[in-house]
1. For Arg75, indicate whether it is basic (Lys, Arg), under 21 Å from the mean Cα position of the chain (by Cα) and at negative phi.
2. Does Arg431 fit the bill of being open to solvent by 50 Å² or more (accessible area, probe 1.4 Å), at pLDDT below 90 and not in a helix (DSSP H, G or I)?
3. Taking the range 186-197 as the search range and keeping residues that are within 20 Å of Ala306 (Cβ to Cβ) and open to solvent by 10 Å² or more (accessible area, probe 1.4 Å), which one is nearest to the chain's Cα centre (by Cα)?
4. Among the residues of the range 314-322, is any among the basic types (Lys, Arg), farther than 30 Å from Ala284 by Cα and crowded, with 17+ Cβ neighbours inside 10 Å?
5. Across the range 151-203, what is the total count of residues that are of a type in the set (A, V, I, L, M, F, W, C), within 23 Å of Ala370 (Cα to Cα) and not in a helix (DSSP H, G or I)?
6. Output the residues belonging to the range 62-93 that are in contact with a helix residue (DSSP H, G or I) (Cβ under 7 Å, 6 or more places away or on another chain), modelled with pLDDT of 80 or more and assigned to a helix (DSSP H, G or I).
7. Does Gly7 satisfy being more than 23 Å from Ala210 (Cβ to Cβ), at pLDDT below 85 and part of a helix (DSSP H, G or I)?
8. I'd like to know if the range 146-169 contains one or more residues that are open to solvent by 20 Å² or more (accessible area, probe 1.4 Å) and either free of Cβ contacts under 8 Å to residues at least 12 places away in the same chain or closer than 20 Å to Phe67 by Cβ (or both).
Amino acid sequence: MAFDETGTATSAPAPTFTPVPGSAPAHDGAGARPGGGAAGTHAWTTRVLVVGIVLTALNLRPAITSFGALLEEVRDGLGMSGSVAGLLTSVPPLCFAVFGVMAPRLARRLGPGAVVCAGMVAITVGLVIRPYTGSTAGFLAASALALMGIAVSNVLMPVIVKRWFPDRVGSMTGLYSMALALGTSAAAAATVPLTDALGGHWQSGLALWAALSAAAVLPWIPFVRARGARSAQSTPAADTDRGEPDGLRITRSRTAWALAVFFGLQATAAYITMGWMAQIFRDAGVSAGTAGVLLAVTMAMGVPLAFVIPRLATRLPHQGPIAVMLGICGLAGYAGLYWAPAAGAWAWALLLGIANCSFPLALTMVGMRARTSAGVAKLSAFAQSTGYLLSVPGPLLVGVLYQHSGGWGLPLALMAGLMVPQVAVGVLAGRDRTVEDEAAR
């Protein structure tokens, strides 16, 4: 009986690693000796997997925040109205809801590594072609292709962490979340100056992020090639892990529903922030470059906190107090944007950056609220797909309110109002229980 980072006992077997072509067969750790072939394969595969996780996380938000930084230029270039721009800011959660639900089934048939690899390819292709389609419809379709790759990777990252690092859920989720926040903030901060350096063409500023996603394809290739070997060497424990949740009716779990709503509300706040915060500052008289940096500061707050919060969450019996503290920071940030958006811009950016760390908290709770990696797959797909579906109207509604009210008072009131139920369901989702136990009852 071993103890994981949640502080609870677990009898989960040691993770079985995918053998890499050309290497010695991998074992589950029983009988492996230091310096032996199995230990060497195990260590090499672990390093490649960690690199793949980090590079994947770096690519899960630049497609969105680079668009937010150049929203005004894209609107002018494609002739978009404020309502259409609001629709485009609602596309990411819609795609995450529609395509994310497919991820567990694809992972069972092809392997999670192969699905993530395909996701990185989709991101690359989508980012390359979307700036040059010449129409709003083409831009939307290419964005949807990239977002499809992001959606399946979103769902499968907690599954991969749970399967290969069952005793390090907190630290690996923290590493993944930190890389995700770093990619988010880097795209927000660098897109405008890089666009200027490339001649001021917004098309080049958006397309350049395809290079980063192309690099993320490489670490997953060995896992795609080794899919057949992994299936042949599946262990009885692994089969049990896959089969146990087949009868799990996730919708019977109150915790699953609370986590789905929490995920949806934090996603609403995050995508409103990524899509509109730079515009809020620009309308308050802040320059475009500074507004991009302020958005980057908001995203950059997730770099250190995304590593700290999951580790802290796995050491607490109840994660509700963290949700409450993050919600208070969000309310303070929205109030500041209403009363003094330019004068206190840096403070509001910092507070909203802290509030946006509800995302790594949600990911951590996904890994903690199910016992097995297959259970995590079901919970992750349900919570993220349902949550992202709930978040779809938010950015669109903000765009409509902004266009028809002529200011940011009503949109900010909406954002602050949604923070209250987010805190409430965060407290419910943070209770120490598993969805398997609740569904069984």
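The values are calculated or read from the model by the stated rules, or taken from the named source; none is laboratory data. This one's a predicted model, so the numbers in the text were calculated from it and none came from an experiment. Neighbour counts are summed over all protein chains in view; Cβ atoms, including those assigned to glycine, are modelled from backbone coordinates with ideal geometry. Please note that ligands, DNA and RNA were not included when accessible areas were found on the heavy atoms of the full protein model with its side chains. Shrake-Rupley method; radii C 1.70, N 1.55, O 1.52, S 1.80 Å.
1. no
2. Against the criterion (open to solvent by 50 Å² or more (accessible area, probe 1.4 Å), at pLDDT below 90 and not in a helix (DSSP H, G or I)), Arg431 does not qualify.
3. Filtering first and then ranking leaves Ala186.
4. no
5. The number of residues fulfilling the criteria is 1.
6. Pro62, Ala63, Ile64, Thr65, Ser66, Phe67, Glu73, Val74, Arg75, Gly77, Leu78 - these are the residues of the range 62-93 that are in contact with a helix residue (DSSP H, G or I) (Cβ under 7 Å, 6 or more places away or on another chain), modelled with pLDDT of 80 or more and assigned to a helix (DSSP H, G or I).
7. Judged against the criteria, Gly7 is not a match.
8. yes
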